[in-house]
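The block underneath contains the structure these notes are about, expressed in structure tokens.
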Amino acid sequence: MIKEGLRLAPYACKSSKSKGRAIKEKPSTARTEFQRDRDRIIHSAAFRRLEYKTQVFVNHEGDLFRTRLTHTLEVAQIARTAASRLEINQDLTESIAYAHDLGHTPFGHAGQDTLNDCMKKHGGFEHNLQSLRIVDFLEEQYPKFDGLNLTWETREGILKHCSRKDAKKLQDLGKRFLEGGQPSLEAQLVNIADTIAYSTHDIDDGLRVQYLNEDRLVDQVKIYSKYFEEVSGEYPELDARRRQKEIVRRIIGYMVDDLVFNSKENIEKFSPSSVDEVRSLAEPLIVFSVEAKRQVDELRNFLSQDLYHHYKVMRVVGKSARLISKLFETFVESPVLLPPNYQSKIERFGLHRTVSDYIAGMTDRYAAIEYARVIDPTFEV
Ligand code: MG
């Protein structure tokens, strides 16, 4: 079995000590188990679809906005660098990061909320659980199993949050949501890298499209105003877009440094000697300092108000919610309209879950095309 050529602390996850895969496989002679997980995710159909799924801005609104795919790459980049500084497993970190948004519906959170409403009486819909469904059941790539047959550790990291009801169904993987405890440090790290990535790239996208007003950012977000002063002082002649990019870059640097230093302090304090000891702790160790957390929360609240609830974003939200619920209703009423490979899943997963899987897997543009095909041929997003 190949071992990691990485510098790993005792509390890091190690491929050689993995709890394994649901279906036993022969170890690879070229890659570690977590590298195989990462590569399987990159080669999955769900990963490729991230390219055409909304992060905040619908894909066709412009070529420069983040999509779920570029967001995912930014999360992986931030997490991987921080993982190496913390001497935890970079390959596992990367594999969790690449998988973390696989279960998102088309049209971002509007899609997820609508699908959850549609599925209310049928077990609900949650993108995080859907990511797990994709890697456990829905990918059809391998002769011997459904899904990607990933290691327990990657699956643990994908399951970021989970209700008690759902946790009971997940047996060993759901245990920490019932009995308390934490996931691995690699999983904890990706969770925060996600926040760092979106809260900073959304400033950049929001300013470019002018939904965000820089004066308001300076006025209301302390971390932004701090680096605004700093960068403007150093480069008084810089044009606005470059200045904004430099500010965003420095905010990422600040957040990552704070996270690494503060987490190192926590790790020293608790000095876990294994990943199982990490898992048994009451609190996560990979966290921001109190001050940085305040700054990040202030920024997130600002983005929620000024960007995610901007009227132009809300218009698309409303429209996509109607599109998703109409598609759901139509396919449930007439399952014969589903493509045959989905019709054949109804017996195994039930009608509603199958329709939900089909819709959740759609990209923004595919959902719009399907809407035009089965409901309204004159429809355009
Ligand atoms: Mg994300």
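The values are calculated or read from the model by the stated rules, or taken from the named source; none is laboratory data. None of the values given here were measured: they were computed from a predicted structure. Cβ: placed from backbone, ideal geometry, glycine included. Neighbour counts: every protein chain shown. These accessible areas exclude ligands, DNA and RNA; they are computed on the full protein's heavy atoms, side chains included. Shrake-Rupley method; radii C 1.70, N 1.55, O 1.52, S 1.80 Å.
If only one of G180, G233, G174, G253 is among the small types (G, A, S), under 30 Å from L132 (Cβ atoms) and open to solvent by 20 Å² or more (accessible area, probe 1.4 Å), which one is it? Break it down stepwise before answering.
On the way: G233 fails: under 30 Å from L132 (Cβ atoms); G174 fails: open to solvent by 20 Å² or more (accessible area, probe 1.4 Å); G253 fails: under 30 Å from L132 (Cβ atoms).
None of the others qualify; the one that does is G180.
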Criterion first (part of a helix (DSSP H, G or I), within 16 Å of the ligand (Cβ to nearest atom) and closer than 30 Å to R242 by Cα) does L189 satisfy it?
yes
Does at least one position in segment 344-358 carry a residue that is exposed (fewer than 15 other Cβ atoms within 10 Å of the Cβ), more than 21 Å from K121 (Cβ to Cβ) and not hydrophobic (A, V, I, L, M, F, W, C)?
yes
Between F137, F107, which is among the aromatic types (F, W, Y) and farther than 20 Å from G20 by Cα?
F107
Take segment 17-33 and flag every residue that is within 21 Å of V190 (Cα to Cα) and open to solvent by 50 Å² or more (accessible area, probe 1.4 Å).
K17, K19
What residue, among those in segment 74-87 that are closer than 23 Å to K14 by Cα and open to solvent by 50 Å² or more (accessible area, probe 1.4 Å), is farthest from the ligand (Cβ to nearest atom)?
E87
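Quick one: in segment 209-218, which of the residues that are crowded, with 16+ Cβ neighbours inside 10 Å and either in a helix (DSSP H, G or I) or of a type in the set (A, V, I, L, M) (or both) is modelled with the lowest pLDDT?
Just the residues of segment 209-218 that are crowded, with 16+ Cβ neighbours inside 10 Å, to begin with: 209, 211-212, 214, 217-218.
Among the residues that remain, those that are also either in a helix (DSSP H, G or I) or of a type in the set (A, V, I, L, M) (or both) are: 209, 212, 214, 217-218.
Numbers: V209: 89, L212: 95, E214: 97, L217: 97, V218: 98.
Taking the candidates together, the pick is V209.
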Within the set of pairs 6+ apart or on separate chains, which have a first residue in segment 221-238 that is more than 25 Å from R294 (Cβ to Cβ), a second that is assigned to a helix (DSSP H, G or I) and modelled with pLDDT of 95 or more, and C-beta atoms under 9 Å apart?
E234/E246; Y235/R242; Y235/R243; Y235/E246; L238/V231; L238/S232; L238/E246
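Let me confirm something: among L281, L323, L338, L307, which residue is closer than 28 Å to H201 by Cβ, open to solvent by less than 80 Å² (accessible area, probe 1.4 Å), over 22 Å from the mean Cα position of the chain (by Cα) and not β-branched (V, I, T)?
Details: L281 fails: closer than 28 Å to H201 by Cβ; L338 fails: closer than 28 Å to H201 by Cβ; L307 fails: over 22 Å from the mean Cα position of the chain (by Cα).
The unique qualifying residue is L323.
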Conditions (1) buried (at least 24 other Cβ atoms within 10 Å of the Cβ); (2) within 15 Å of the chain's Cα centre (by Cα); (3) closer than 23 Å to M1 by Cβ: number failed by I42:
(1)
Condition first: farther than 23 Å from F47 by Cβ and not in a helix (DSSP H, G or I). Now tell me which residues in segment 155-186 satisfy that.
S163, G180, G181, Q182
Unique residue being over 27 Å from F65 (Cβ atoms), in contact (Cβ under 8 Å) with a residue 40 or more places away in the chain and hydroxyl-bearing (S, T, Y) when the list is S289, S280
S280
